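Peer 1: My questions all concern the structure below.
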Amino acid sequence: MHNVLGFGFLAFAFASTASAQNLVSNGDFTSDITTSWTAENAGGTGVTGSGVYDDDSGSATVGSARLNLAESGPGSTGVVQGLNQCIAAPGSPPWDFGGRIRFTLDNPGAGGPNLAFIAVQFYAGANCTGSQTSQLLFTGSGTSVNGFVDGVAVANWERVSQTGFADPMPGGSATASVRIAARVQTDGTGDSLSALFDGMFFGPAGTTPVSLQSFSVE
């Protein structure tokens, strides 16, 4: 009995430590997408975009963010719909970051391929201001992971991530703030797509994605 309780305590301690490392608020969308996230709404003639909370998820107990985008008008090529949040004082590198993506609709129309990706932008100034450089994590570059759709376990989510990332600011300057964003992008008229995002994370090397931060001990 003593050993079982000890193992349970260590498991709890591990989960608590991992949870503290992730600097993304509401990265697992345990509450509505308006909590901690700012909408990036697409615009233009014939463009329809939206971001909504969805029950489909990378885990059985929480939801995800669904980004929808359709383009039917001229002159609106390559529009973007997204959600983002700014992380102040990210601490010293190296950093780990990423998340999970699932395409649920991909109709490229007459244009090129639609895109669903996680963007991480590093800023020289506070509050995500000043010069910046970006790192993009696209679908097709990650690994297949399990998730849930309509309460049924599926294996067609994709986890994209970057680990051990050094500070990319040029000239030896230090990053003062970071913006992490979930985004979908069309290529041309007639394109439409819908994608789910979940398990968003950013933190020091060794950060555990939100969905892996807890587990039960029988």
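Peer 1: Taking the options THR34, THR45, THR61, name whichever one is assigned to a loop (DSSP other than H, G, I, E, B) and at pLDDT 85 or above. Walk me through how you get there before you give the answer.
Peer 2: On the way: THR45 fails: at pLDDT 85 or above; THR61 fails: at pLDDT 85 or above.
Result of the check over THR34, THR45, THR61: THR34.
Peer 1: Also, I was wondering about something else. Can you find even one residue in segment 68-84 that is hydroxyl-bearing (Ser, Thr, Tyr), at pLDDT below 90 and crowded, with 21+ Cβ neighbours inside 10 Å? So that I can check it myself, show each step before the final result.
Peer 2: Our first condition is that a residue be hydroxyl-bearing (Ser, Thr, Tyr); within segment 68-84, this holds for 72, 76-77.
Then drop every residue that is not at pLDDT below 90, which leaves 72, 76-77.
Those left that are additionally crowded, with 21+ Cβ neighbours inside 10 Å: none.
Checked against the condition, which is being hydroxyl-bearing (Ser, Thr, Tyr), at pLDDT below 90 and crowded, with 21+ Cβ neighbours inside 10 Å, segment 68-84 yields no hits at all.
Peer 1: Collect the residues in segment 121-145 that are under 17 Å from the mean Cα position of the chain (by Cα), assigned to a strand (DSSP E or B) and either free of Cβ contacts under 8 Å to residues at least 24 places away in the same chain or under 16 Å from TRP95 (Cβ atoms) (or both), keeping them in residue-number order.
Peer 2: Correct list: GLN121, PHE122, SER134, GLN135, LEU136, LEU137, PHE138, THR143, SER144.
Peer 1: Filtering segment 163-188 down to residues that are part of a loop (DSSP other than H, G, I, E, B) and surrounded by fewer than 19 Cβ atoms within 10 Å (Cβ to Cβ), which residue is modelled with the lowest pLDDT?
Peer 2: Kept after step one, since they are part of a loop (DSSP other than H, G, I, E, B), are these residues of segment 163-188: 166-169, 173-176, 186-188.
This time we only want the ones that are surrounded by fewer than 19 Cβ atoms within 10 Å (Cβ to Cβ), so: 166-169, 173-174, 176, 188.
Values: ALA166: 95, ASP167: 95, PRO168: 94, MET169: 91, SER173: 87, ALA174: 93, ALA176: 96, GLY188: 76.
Filtering segment 163-188 for residues that are part of a loop (DSSP other than H, G, I, E, B) and surrounded by fewer than 19 Cβ atoms within 10 Å (Cβ to Cβ), the one modelled with the lowest pLDDT comes out as GLY188.
Peer 1: Pick from ALA70, ALA89, ALA65: which is touching a residue at least 60 places away in the same chain (Cβ under 8 Å) and within 13 Å of MET200 (Cβ to Cβ)? Quick ask: steps written out before the conclusion?
Peer 2: Working: ALA70 fails: within 13 Å of MET200 (Cβ to Cβ); ALA89 fails: within 13 Å of MET200 (Cβ to Cβ).
Checking each option against the conditions leaves just ALA65.
Peer 1: How many of the residues in segment 89-112 are modelled with pLDDT under 90 and either in contact with a helix residue (DSSP H, G or I) (Cβ under 9 Å, 6 or more places away or on another chain) or assigned to a strand (DSSP E or B) (or both)?
Peer 2: Total meeting the criteria: 5.
Peer 1: With GLN185, GLN162, GLN135, GLN121 as the choices, which residue is farther than 22 Å from VAL52 by Cα and in contact with a Gly (Cβ under 9 Å, 6 or more places away or on another chain)?
Peer 2: Numbers: GLN185 fails: farther than 22 Å from VAL52 by Cα; GLN135 fails: in contact with a Gly (Cβ under 9 Å, 6 or more places away or on another chain); GLN121 fails: in contact with a Gly (Cβ under 9 Å, 6 or more places away or on another chain).
After ruling out the rest, the residue left standing is GLN162.
The values are calculated or read from the model by the stated rules, or taken from the named source; none is laboratory data. As the structure is a prediction and not an experimental result, all values here were calculated from the model. Backbone-built Cβ (ideal geometry, glycine too); neighbour counts: all protein chains shown.
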